[in-house]
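To start, the structure under review is shown below, and the notes come after it.
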Amino acid sequence: MTDLPHEPNTNPNPDRPGDLSDFEWSGRPTGAEHAEGGQVVPLDSRRRPRPLDAPDQGDGPATDPAGEPDNRPGKRTAYDTSYEVELDAPPANEPPTLVDLPGSMVPELVSESRRPIIPPQFHGANLPTTVKAALGRWAHVAAFHTVRAPWYALQVVWFAIVGVFALVNRQLRWWWVNEQYALLQTAASDNDPEMWLKLHKEGKATRRWRGVVLFFQLIAAIVAAIAVANLQPPYQAAVALALVPVLARCGKPKGRPIIPTAAVSRRYRLLNADVVLRAYYAAGLGHPDKPHQQIQFGSRMARDAAGTGSEVVVDLPYGKTFDHAIKARPEIASGLDVTEQQVYITRDPSSTRRHKLFVADRDPLAIPAGRTPLLDGKPRNIWKPAPFGLDERGRQVTLLLLWISVLVGAQPRKGKTFAARLLALYAAMDPYVKLTVVDGKNSPDWRKFKLIAHRIIFGTVINRDGDPVEELLDALREIKTHIMQVNEFLSTLPVSECPDGKLTEELSRKYPNLRVWLLVMEEFQVYYELDDQDINKEIASLLSFIMAVGPSAGVIILSSSQKPSGVGAGDVQRLFGRYRDNHAVRFALKCGNRNVSEAILGGDAYSEGFDASSLPNGKEYRGVGYLYGASDDTPTVRTYLADAADAEKILTTARALRERAGTLTGYAAGEEIKREVRDVLADALSVFHPGESGLSWAEIAARLSERIPEHYADLSADAVSAQLRDLAVPSVNIKRDGKVLKGAKQADIAQAIRRRDGAA
């Protein structure tokens with residue numbers, strides 16, 4: 001769901017034209033007809049005309065000041081297409097008949113759209129943001145001019161000196177009547193000696209009079225200078241402060257301000273009704289000359305409440321729907337001469353053929369959403385929506401994690417793990433939520449969740465912590481048992497405590513066995529592709545059960561994958577598809593192709609115009625994706641950022657919250673800050689990445705030194721080779737980057753661990 005920090009304002013100032021635009025458009029469609037009350041009504045008689053040369057008003061119909069046609073000679077009248085047409089005939093002037101409605105409700109008799117009494121920016125929820133923005137702007141302006149104050153002073157003094165000479169020159173030119181030269185030259189060119197002589201005499205008389213004026217001005221200036229020279233220094237400074245800016249204004253170049261602006265307002269392309277009509281007709285959504293195929297407007301063109309773009313309510317022709325407009329979004333953007341990322345279309349509940357068109361001044365997806373609000377360190381409540389990011393309109397997008405499952409998918413390096421981790425961090429900040437974290441790719445992204453996780457599992461290969469596949473099976477069996485116990489326990493509670501037989505916030509806080517549980521499955525597809533098909537089937541079956549029954553028992557599933565299809569075969573493939581498709585909410589970032597996008601969002605999303613493979617590509621678009629299934633709308637979300645340092649800070653705070661609440665369980669409750677015993681075989685096996693069959697001794701030593709510095713900080717290649725060869729791991733040739741080096745195979749290390757454990 002999407003929170004609205006600013007209430008929409010379809011017409012902030014209908015009486016005032018919008019700001020100047022960088023571009024101007026022309027061209028107006030021909031007249032149209034509209035069916036009204038079963039009759040074809042010519043709309044020419046109902047339109048308000050305007051002159052062709054009238055200035056464009058931008059946000060509404062342009063007419064002459066009186067609202068009447070311009071009938072002056074030589075002027076032609078064109079008709080504006082930006083108007084409102086009544087859908088039905090107005091009701092008769094009869095008093096309405098009121099009826100009694102349930103709950104003593106009174107039917108609403110006012111149909112007009114009323115502007116808010118208090119502007120949205122001054123509402124209680126928005127006031128802190130408004131004040132913060134104003135103070136921030138003033139602080140920036142003050143700092144900008146403070147730094148440049150010495151330079152301003154030097155410029156003022158220099159231009160004041162120049163201004164003295166400029167003022168003297170101006171007075172001399174005034175005295176000499178320079179403006180008469182053109183008239184004298186004209187008289188001479190016309191061979192009119194009488195006019196030339198008359199002008200010459202008038203010029204001499206004018207110079208005589210102006211010379212007297214200048215003489216007294218000079219006397220007054222000398223007297224003023226003597227008077228100022230005899231004043232005390234503070235008064236002399238005051239006179240200088242008053243006089244120098246005036247002289248500087250006279251001496252500065254025209255059109256150049258001495259003090260520039262500290263904040264430059266961005267100029268934007270102002271839309272008008274004609275441009276919108278052109279775009280929709282070009283997109284094939286109507287025809288200006290065919291009956292009942294004209295585009296109409298349900299509101300005037302206006303700036304949105306946040307001042308980030310223009311918006312208008314559009315009525316499509318009969319037979320066209322919202323889905324047609326969504327599919328034609330690229331063509332509409334082309335007709336508007338903007339990028340597709342600047343055009344957004346949202347439903348209007350009043351009609352299937354009506355929607356709101358919003359055109360942003362700039363690409364909103366290239367503007368980062370900023371750091372996560374979780375950095376404030378305040379505890380969160382899983383029963384309330386989690387802040388996820390900002391939509392294309394700059395509104396905060398939140399997601400209620402309870403009762404749902406979330407699938408996140410994307411290409412590598414597009415923000416998939418960051419988006420999933422952001423939601424997991426929110427759950428971590430509620431001390432009454434259990435977390436089981438399963439990272440199939442065995443990456444550092446989830447390592448710090450050891451601070452709070454009930455269970456945490458990495459990869460599929462045996463490591464120093466044990467066999468991750470067996471640990472995963474135990475974890476999933478534990479969650480399955482928890483689900484059954486929750487449902488059984490709820491059925492035993494009295495109706496007074498559990499009236500609907502459902503889990504509530506009060507119950508989850510009161511009973512430890514009713515805690516909300518978050519299961520994170522990062523790159524979950526790897527657990528459907530194990531060598532042992534029986535294990536694949538058991539994992540798939542457990543995940544399908546948790547997906548189907550878990551949400552009602554307070555178990556939230558958060559899955560992510562870069563390979564959402566083509567996994568497994570037979571029953572495993574069927575169970576994989578069931579698990580993937582049953583996620584209630586999907587978040588798709590940039591995908592490689594349409595098929596991957598459909599696998600994440602579903603086929604219905606593509607038919608509605610949402611294709612994650614069409615999202616823009618580039619570093620500035622990381623973390624941008626479609627949030628599908630969370631609400632009726634599908635916002636394009638720019639997720640908040642929580643990097644590795646932010647995640648560690650948040651998880652450290654989350655652990656402190658859990659320690660105070662006494663809710664640490666499982667792995668986090670028994671975690672040792674520093675290992676006391678090292679296992680060279682298990683540690684060496686843990687540094688292999690998925691798909692690596694062998695590593696050179698130098699690579700093994702470097703990775704051990706980086707990952708486990710408390711035991712292997714100064715480990716050399718020869719040392720690790722000697723230690724592993726002593727444990728029956730053979731030294732073999734490993735081909736890496738075109739070179740053949742000595743090293744160890746993953747299978748040989750795993751075999752040595754099995755031999756050792758079997759002997760023990």
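The values are calculated or read from the model by the stated rules, or taken from the named source; none is laboratory data. Fair warning: this is a prediction, and the values are worked out from it, not measured in the lab. Neighbour counts run over all protein chains shown; Cβ positions are idealised from the backbone, glycine included. Note: areas computed on protein heavy atoms with side chains; ligands, DNA, RNA excluded. Shrake-Rupley method; radii C 1.70, N 1.55, O 1.52, S 1.80 Å.
Could you tell me which numbered condition G459 fails, if it satisfies all but one of (1) within 29 Å of Y626 (Cα to Cα); (2) at pLDDT 95 or above?
Checking G459 against (1) within 29 Å of Y626 (Cα to Cα); (2) at pLDDT 95 or above, the one that fails is (2).
Which ones in segment 337-352 are in contact with a Leu (Cβ under 7 Å, 6 or more places away or on another chain) and not in a strand (DSSP E or B)?
Scanning segment 337-352 gives a single hit, Q341.
Across segment 692-719, what is the total count of residues that are hydrophobic (A, V, I, L, M, F, W, C) and under 14 Å from D737 (Cα atoms)?
Residues meeting the conditions: 2.
Taking the stated definitions as given, is Y280 assigned to a helix (DSSP H, G or I), closer than 20 Å to V359 by Cβ, under 58 Å from the mean Cα position of the chain (by Cα) and of a type outside the set (G, A, S)?
Answer is yes for this residue.
Taking the residues in segment 340-383 that are under 20 Å from the mean Cα position of the chain (by Cα) and of a type in the set (G, A, S) as candidates, determine which candidate is surrounded by the fewest Cβ atoms within 10 Å (Cβ to Cβ).
Here the answer is G370.
Is there any pair with a first residue in segment 570-582 that is more than 19 Å from V520 (Cβ to Cβ) and a second that is of a type in the set (D, E) and open to solvent by 10 Å² or more (accessible area, probe 1.4 Å) whose Cβ atoms are under 9 Å apart and which are 6 or more apart or on different chains, and what are they?
If the second residue must be of a type in the set (D, E) and open to solvent by 10 Å² or more (accessible area, probe 1.4 Å), the pairs left are V572/E529.
Looking at segment 497-538, which of its residues are open to solvent by 10 Å² or more (accessible area, probe 1.4 Å), within 22 Å of V408 (Cβ to Cβ), in contact with a Ser or Thr (Cβ under 7 Å, 6 or more places away or on another chain) and not hydrophobic (A, V, I, L, M, F, W, C)?
Hit for segment 497-538 is Q525, nothing else.
For segment 695-743, name all the residues that are polar (S, T, N, Q), part of a strand (DSSP E or B) and surrounded by 14 or more Cβ atoms within 10 Å (Cβ to Cβ).
Listed by number, the list holds a single entry, S696.
Quick one: which residue in G307, G319 is surrounded by fewer than 16 Cβ atoms within 10 Å (Cβ to Cβ), at pLDDT below 90 and over 16 Å from F610 (Cβ atoms)?
G307
The rows are residues; the columns are (1) at pLDDT 90 or above; (2) charged (D, E, K, R); (3) buried (at least 21 other Cβ atoms within 10 Å of the Cβ).
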| residue | (1), (2), (3) |
| --- | --- |
| A540 | yes, no, yes |
| A548 | yes, no, no |
| L558 | yes, no, yes |
| Q573 | no, no, no |
| A584 | yes, no, no |
| K590 | yes, yes, yes |
| L601 | yes, no, yes |
| S613 | yes, no, no |
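Among the residues of segment 137-155, count how many are open to solvent by less than 90 Å² (accessible area, probe 1.4 Å) and more than 23 Å from P253 (Cα to Cα).
Residues meeting the conditions: 4.
Would you confirm, using the coordinates I've provided, whether V549 is touching a residue at least 60 places away in the same chain (Cβ under 8 Å) and either more than 23 Å from F458 (Cα to Cα) or among the polar types (S, T, N, Q) (or both)?
So V549 passes the test.
Quick one: E471 ticks every box in (1) of a type outside the set (S, T, N, Q); (2) part of a helix (DSSP H, G or I); (3) open to solvent by less than 10 Å² (accessible area, probe 1.4 Å); (4) without any contact (Cβ under 8 Å) to a residue 24 or more places away in the chain bar one, so which box is it?
Failing condition for E471: (3).
Quick check on F159: is it touching a Lys or Arg at 6+ places or on another chain (Cβ under 6 Å) and either in contact (Cβ under 8 Å) with a residue 40 or more places away in the chain or more than 19 Å from G394 (Cα to Cα) (or both)?
yes
Just checking, does segment 484-492 include any residue being open to solvent by less than 20 Å² (accessible area, probe 1.4 Å) and small (G, A, S)?
Among the residues of segment 484-492, not one is open to solvent by less than 20 Å² (accessible area, probe 1.4 Å) and small (G, A, S), which makes the answer no.
For the condition at pLDDT 90 or above, aromatic (F, W, Y) and out of contact with any strand residue (DSSP E or B) (no Cβ under 6 Å at 6 or more places or on another chain), what is the one hit in W176, W151?
None of the others qualify; the one that does is W151.
If G286 satisfies every condition in (1) open to solvent by 40 Å² or more (accessible area, probe 1.4 Å); (2) touching a helix residue (DSSP H, G or I) at 6+ places or on another chain (Cβ under 8 Å); (3) of a type outside the set (A, V, I, L, M, F, W, C) but one, which is the exception?
Going through (1) open to solvent by 40 Å² or more (accessible area, probe 1.4 Å); (2) touching a helix residue (DSSP H, G or I) at 6+ places or on another chain (Cβ under 8 Å); (3) of a type outside the set (A, V, I, L, M, F, W, C) one by one, G286 breaks only (1).
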